[in-house]
Amino acid sequence: MTVPRGISVRRVLSLMRQDFTTALRDNIMVYIIIAPLLMAFALRLLIPAAESSRLVFAVDNSMSPDVVEKIREYGDVELYDRAGVISRVERLDAAVGVLSDTGRLYFLFEGNEPRPLIQAYQVILEDINRGDAVADYDDVNLGPGRSITYDLIALGLIMGTVFFAGVISGFNIVDERDTRAIHALSVSPVRIREYAAARGTFATVLAAIVAASASRVMVGPSIDLLRLLALVILSAPLMALVSLLIGLFSHNQITAIAILKIAMPVYVALPLGTIYVPQKLQFLFYILPSYWQFEALKALYAPSLMAHGFWFSGLMTFVTGGLYLLMAANAFRRRVGLR
Amino acid sequence: MMRRFFGLFKQDLTLALRNTLMPVLIFLILVMAVMVRFVLPKEWKPVETYYFVDRTEDGLYEWLLRQSGIGAHQFLSDEGALRSAVGEKGNSIGVLFAGPTTHPEITIMHSERVSAQGLNILKATLNAIVERATEGTQINEGMEQPSNVKFLRPQARPVAPNLTSVPGLLAFEVLVLGFTFVAVFIFQERSEGTIRAYRVSPGGTGAYILSKTLVFIVLGTLYGCGLVLSTMGLSVNYGVLVPLTALGVGLYTLIGISVASFFKDLSEWFLPGVLLLMLNMMPVVSLLFPTFSPRWLTYIPSYPVTFALSEVLFPSGKPLLPLVGVLGGETVAAYVICVFLTERNLMKEGRS
């Protein structure tokens with residue numbers, strides 16, 4: 001079976017079957033599906049617990065119950081004797097000691113706390129000592145809300161999943177170069193476009209399964225799954241690019257890991273870092289396909305941070321990824337002698 | 001015996017340097033230096049976005065808040081605008097001042113993610129604002145010279161937020177260098193049959209492990225010093241940083257050898273290895289949320305390491321010895337386990 005532009009679907013499927021067999025034999029299939037899901041479960045438990053963590057007050061147990069109850073309104077209270085309060089404050093996490101000196105309440109810090117944190121505690125102490133109410137309050141709860149930290153972590157996990165799908169495919173190429181199996185391919189009818197298509201499609205299928213599952217675990221059904229899958233498909237050239245780049249620059253496993261150490265920050269950390277970059281300088285990152293992937297994922301997971309639309313960003317991921325893929329495929333073809 | 005050990009060390013070092021490792025490390029130092037120096041923010045910003053509407057008689061609260069540096073875009077025209085702004089951005093909080101200036105009615109709009117304690121802390125802040133407004137003082141007045149707080153040690157110099165990332169980068173990127181690369185070394189040696197040949201040579205398991213560990217101690221320490229030098233310059237006590245980094249790299253290399261002994265190649269190791277690295281990164285949550293440190297998190301080796309590195313880079317007078325003691329204990333335990341696993345999983349191949 002042949003489609004226009006001279007790609008043999010049969011040869012592509014045959015290469016994919018090889019990847020699939022290798023992945024199944026080495027338990028990679030199991031790991032690549034289970035690892036992100038385990039991570040998603042862990043993060044789902046950890047991040048909300050961390051976000052809802054409360055201030056910790058290590059309080060002198062000789063203090064009156066009224067004062068202790070008043071302090072409890074602002075955070076968790078742990079009762080110790082005076083020496084215990086000091087050693088609790090000395091511990092690595094952030095806990096403040098509450099002691100009194102001639103009946104006057106004061107907070108005890110280690111000395112390495114940031115100034116804004118100390119000021120926040122001062123305000124609390126003022127409030128504890130305040131007698132009459134100075135204002136009347138009304139609380140309006142507007143519903144569940146979202147946590148930007150959590151959304152960005154979910155987004156980072158999805159980006160990482162897509163990236164690792166490309167990496168696994170890249171390791172197969174390194175293995176073929178290491179064992180010289182690629183020389184056999186170079187004298188076969190397999191063309192570079194078929195080789196890249198096989199690597200990209202294999203990675204896309206893996207990424208689609210894992211990204212959809214990890215997303216479901218992290219954020220539930222609130223994300224439009226079809227859009228997520230569409231983005232994974234639009235990222236196919238990017239995944240093929242990752243795998244070809246690893247294969248292109250790595251002649252053995254040590255160089256593959258070294259290349260990975262460069263590729264990972266460029267792919268994941270750099271786009272994530274752009275949330276700190278002013279809007280007027282964002283254009284500097286437009287040349288990165290993973291920046292556009294990040295933008296499209298922001299539209300799904302953190303819409304309040306979105307700067308471009310989902311479809312525009314998705315298409316830009318495809319176009320920029322495709323352009324780099326053409327260049328990488330050309331270089332790869334010359335390096336390994338594929339047709 | 002020493003000559004044999006250094007021969008092995010030289011061989012491992014050559015292998016590490018031959019495979020583009022140094023250019024990669026230099027590139028990574030440059031990337032991290034650019035991120036820390038130019039990309040990460042140099043000032044603290046609150047996680048939440050606050051929006052305000054002041055409907056009091058004289059608009060004193062808006063004036064006071066603007067004086068304290070709150071941006072103009074955070075002041076909205078009416079309650080409807082406030083409600084929709086808070087509704088749209090789930091991590092924001094809206095505050096509406098109404099009624100008399102001296103005893104205002106304050107409405108707080110928030111998502112259900114805000115805890116009761118969080119609301120009480122916000123109310124404490126707003127009470128302080130109201131009190132200062134009625135006294136005719138500025139919002140931050142009285143905060144610079146705290147009288148109701150004491151310190152166990154003299155207050156440390158404030159640290160710019162962008163630099164607080166350096167201990168994290170050291171702990172989660174530099175120290176784990178050996179964890180990843182030693183695995184690849186072992187897989188390469190396994191596939192080439194070098195381990196089998198080594199087992200029948202006079203070199204022992206201890207020399208095999210220590211030679212690799214020393215290679216990554218040298219490379220990791222150079223990598224760590226390069227990172228600190230490029231981000232913080234010479235203002236750091238390198239006399240303490242170097243041995244601490246060396247100890248940390250040694251610990252993770254030993255853990256790396258132990259883990260790698262269970263797998264036969266990189267593909268098989270890769271995802272479980274990455275998962276372990278991510279688990280090792282969990283203490284970063286305690287750095288982001290300083291009040292969050294459940295006991296299980298403190299057992300992860302990177303937890304004491306991160307705080308020890310932080311103390312070296314930003315000295316506050318906290319005693320380092322207990323942290324170094326924990327790290328030293330973990331390293332000794334890791335060595336014993338590593339010898340056992342290397343003997344059992346790697347060297348047995350030579351015997352069969």
* To do: Take the Cα of B:ASN148, step 7 Å along the line toward its Cβ, and report every residue of the range A:107-149 whose backbone nitrogen sits under 11 Å from that point.
  => A:107, A:121-131
* In what order, largest first, do B:HIS110, A:HIS251 sit by accessible area if the probe radius is 1.4 Å? -> A:HIS251, B:HIS110
* Structure fact -> Scattering profile of the range B:162-255 from the Debye formula, Cα beads only, expressed as log10 I(q)/I(0) at q = 0.14 Å⁻¹, is -0.56
* Asked: Give me the log10 of I(q) over I(0) for the protein assembly as shown at q = 0.06, 0.08, 0.11 Å⁻¹, as the Debye formula computes it from C-alpha points; what are the numbers?
  -> -0.41, -0.71, -1.22
* Based on the alpha carbon coordinates of the range B:184-340, what radius of gyration and maximum Cα-Cα distance (Dmax) apply, in Å? -> 17.3, 53
* To do: Work through the residues other than B:SER211 whose Cβ is under 15 Å from its Cβ and net out their charges, Lys, Arg +1 and Asp, Glu -1.
  => +3
* A:VAL59 long-range amide H proximity, modeled H, under 5 Å -> A:GLU78, A:LEU79, A:TYR80, A:VAL98
* What lysines sit close enough to A:LYS298 to cross-link, taking a C-alpha to C-alpha distance under 20 Å and skipping anything fewer than 8 places away on the same chain? -> A:LYS280, B:LYS89
* If we sort A:160-171, A:235-246 on the protection proxy, mean other Cβ atoms within 10 Å, highest first, what's the order? -> A:235-246, A:160-171
* To do: Using a 10 Å cut-off on Cβ atoms, rank the peptides B:212-218, A:86-92, A:330-336 from the highest mean neighbour count down.
  => B:212-218, A:86-92, A:330-336
* Is there a simple number for the mean count of other chain Cβ atoms within 10 Å of the Cβ of residues in B:277-287, and what is it? -> 3
* Based on the mean of other beta carbon atoms within 10 Å per residue, what is the order of B:301-314, B:265-278, A:298-311, B:5-18, most packed first? -> B:301-314, B:265-278, A:298-311, B:5-18
* **Averaged over B:114-126, number of beta-carbon atoms from partner chains that fall within 10 Å** => 6
* To do: Over every pair of different alpha-carbon atoms in the range A:251-298, take the mean of 1/r and invert it; report that Kirkwood radius in Å.
  => 11.8
* Structure fact -> Rounded to a whole %, the carbon-and-sulfur portion of the accessible area of chain B at a 1.4 Å probe is 64
* Direction-averaged shadow area of the convex hull around the Cα atoms of the range A:54-129, nm²? -> 4.7
* To do: Can you give me the span-like helices of chain A, meaning DSSP H runs with 15 Å or more of Cα extent along the axis and Kyte-Doolittle mean at or above 0.0?
  => A:28-51, A:115-129, A:148-178, A:192-219, A:236-249, A:253-264, A:310-336
* Enumerate the amide H contacts of B:PHE151 below 5 Å, restricted to partners 5 or more residues apart or on another chain; note that Pro and chain-start residues carry no placed amide H. => A:PHE109
* Structure fact -> Violations at 22 Å Cα threshold for listed pairs B:LYS150/B:LYS318; A:LYS261/B:LYS42; B:LYS42/B:LYS150; A:LYS261/B:LYS318; B:LYS42/B:LYS123 -> A:LYS261/B:LYS42; B:LYS42/B:LYS150; A:LYS261/B:LYS318; B:LYS42/B:LYS123
* **Within 10 Å of each Cβ in B:149-159, the average number of Cβ atoms from other chains** => 6
* Asked: Given Cα pairs under 8 Å that are at least 6 residues apart, what percent is the relative contact order of chain B?
  -> 20
* Asked: Tell me: how much accessible area in total is hidden between A and B, 1.4 Å probe, Å², nearest 100?
  -> 8500
* Asked: Largest first, what is the accessible-area ranking of A:TYR80, A:TYR195 with a 1.4 Å probe?
  -> A:TYR80, A:TYR195
* Asked: Amide H to amide H under 5 Å from B:VAL95: which residues, 5+ apart in sequence or cross-chain, H placed 1.01 Å off N in plane?
  -> B:TYR51, B:PHE52, B:VAL53, B:MET109
* **Calculated FRET efficiency for the pair A:ILE128/A:ILE86, C-beta based, R₀ 22 Å, to 0.05** => 0.60
* Carbon + sulfur, % of accessible area of the range A:199-339 - ligands and nucleic acids excluded, 1.4 Å -> 73
* Set of aspartates and glutamates with alpha-carbon distance to B:LYS264 below 14 Å, sequence-local pairs under 8 removed -> A:ASP26, A:ASP175, B:GLU189, B:GLU192, B:GLU349
* **Per-q log10 I(q)/I(0), the range A:228-339, q = 0.10 Å⁻¹ (Debye; single scatterer per alpha-carbon; no solvent)** => -0.32
* Residue-normalised accessible area of chain A, expressed per residue, 1.4 Å probe, Å² -> 43
* Relative to the longest principal axis of the C-alpha atoms of chain B, give the angle of the C-alpha long axis of helix B:21-34, reported between 0 and 90° and rounded to the nearest 10°. => 10
* Go through B:ASN91, B:ALA133, B:LEU119 and say which Cα lies farthest out towards the positive end of the charge dipole of the range B:49-135; charges sit on Cβ, +1 for Lys and Arg, -1 for Asp and Glu. => B:ASN91
* Using alpha-carbon positions, what is the distance between the centroids of the range A:54-92 and the range B:178-241, in Å? -> 45
* Structure fact -> For the range A:34-103, the percent of accessible surface on carbon and sulfur atoms (probe 1.4 angstrom, ligands and nucleic acids excluded) is 57
* In percent, how large is the relative contact order of chain A, given Cα pairs closer than 8 Å and 6 or more residues apart? -> 19
* To do: Please calculate the 1.4 Å probe accessible area of B:GLU88, with all protein chains present, and give it to the nearest 10 Å².
  => 150
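The values are calculated or read from the model by the stated rules, or taken from the named source; none is laboratory data. Note that this is a predicted model, so its numbers are computed, not measured. Reconstructed Cβ throughout: ideal geometry from the backbone, glycine too, with neighbour counts over all protein chains shown. Side chains are part of the model used for accessible areas, which takes the heavy atoms of the whole protein and leaves out ligands, DNA and RNA. Shrake-Rupley method; radii C 1.70, N 1.55, O 1.52, S 1.80 Å.
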